[in-house]
1. Any idea which of (1) surrounded by 14 or more Cβ atoms within 10 Å (Cβ to Cβ); (2) closer than 21 Å to Thr50 by Cα; (3) without any contact (Cβ under 8 Å) to a residue 12 or more places away in the chain; (4) among the acidic types (Asp, Glu) is the one Glu151 doesn't satisfy?
2. Just checking, does region 92-115 include any residue being of a type in the set (Ser, Thr, Tyr) and assigned to a helix (DSSP H, G or I)?
3. Could you name every one of the helices (runs of 4 or more DSSP H) located completely within region 164-246 that has at least 3 residues being at pLDDT 95 or above and surrounded by fewer than 16 Cβ atoms within 10 Å (Cβ to Cβ)?
4. Could you please let me know if Ala83 is under 18 Å from Ile107 (Cβ atoms), in contact with a strand residue (DSSP E or B) (Cβ under 6 Å, 6 or more places away or on another chain), modelled with pLDDT of 95 or more and among the small types (Gly, Ala, Ser)?
5. Please determine, by comparing only the residues of region 14-32 that are part of a helix (DSSP H, G or I) and in contact (Cβ under 8 Å) with a residue 40 or more places away in the chain, which one is farthest from the chain's Cα centre (by Cα).
6. Would you please list the contacts, defined by Cβ atoms under 8 Å and residues six or more apart or on different chains, that run from a residue in region 102-120 that is under 20 Å from Val197 (Cα atoms) to a residue that is assigned to a helix (DSSP H, G or I) and polar (S, T, N, Q)?
Amino acid sequence: MEISLENKVRKLVLNRPSKKNAITIEMYENITNILNADATNNDVVVTIITAEGDYFSSGTDFFSSLLQPEVDSLQKVKEMVDAFINYPKILIAVVNGPAVGIAATFISLCDIIYCSDRATFEIPFVRLGFTMEGCSSILYPQLLGRSKASEMLFLNHILKAEEAYKLRFVAKVVPHENLQEFIKTLYKYGALPLETVIRNKKLMMRWLKTTLLKCNEVEKDVLTECFESDDFGSAISSFMLNKSKL
């Protein structure tokens, strides 16, 4: 992951393009640690999260988790989601391509989502035999309405960029070839007055923060149960078999 700080704007870039930016345990830890540290860092006003390559992220790197069975990967995801919820400054996601699974859910915790015209949003949790995470059980119905959210969360509908804009899930769709220049224009917001940003973010999250933290906790508990189920075992066996054929 590439990390930079310029003009009081932190930029986090998912940078495993050969792996479709699949998120490893170490990447979850890094994102968590950076957000928690920057929460009290007066040199940071805005944080941008984006990615290199064709994908924003294909979701969790399951192989990374399997190689570290001693690590509670669900706890690492929970801690990262908590860091998003607790972050007191402006969080902007700039989605350059497909966002799948946890990548499509954690961006909904950002204050603003921009995306390339090549971006898509996919949450294949039911198909893979597990349950919602990243507070998607609350945020997706809230942001998209229950019917469209259910179509995504249960039926694996893939939300394309223009539809996401029409539904107000994203604030703007940017031509892909202009995306890097667009990101540069966001650096001017590092000049916003920090204390005023924090006060306004606190107001915006005042009634939602406790609910999201509790939702994250409950989603982790249900996922833990789910990972011990027959449905999950069958889905993962099928997933691994298909991967081996590629």
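The values are calculated or read from the model by the stated rules, or taken from the named source; none is laboratory data. The structure presented is a predicted model; accordingly, all values stated were derived computationally and were not measured. Here the Cβ positions follow ideal geometry from the backbone for every residue, glycine too, while neighbour counts run over all protein chains shown.
1. Tallying (1) surrounded by 14 or more Cβ atoms within 10 Å (Cβ to Cβ); (2) closer than 21 Å to Thr50 by Cα; (3) without any contact (Cβ under 8 Å) to a residue 12 or more places away in the chain; (4) among the acidic types (Asp, Glu), Glu151 fails exactly one: (2).
2. yes
3. Details: elements: 179-185, 194-205, 209-226, 230-245.
Hits in region 164-246: 179-185, 194-205, 209-226.
4. When the stated conditions are applied, Ala83 does not pass them.
5. Lys19
6. These pairs meet every condition: Ser108/Ser136.
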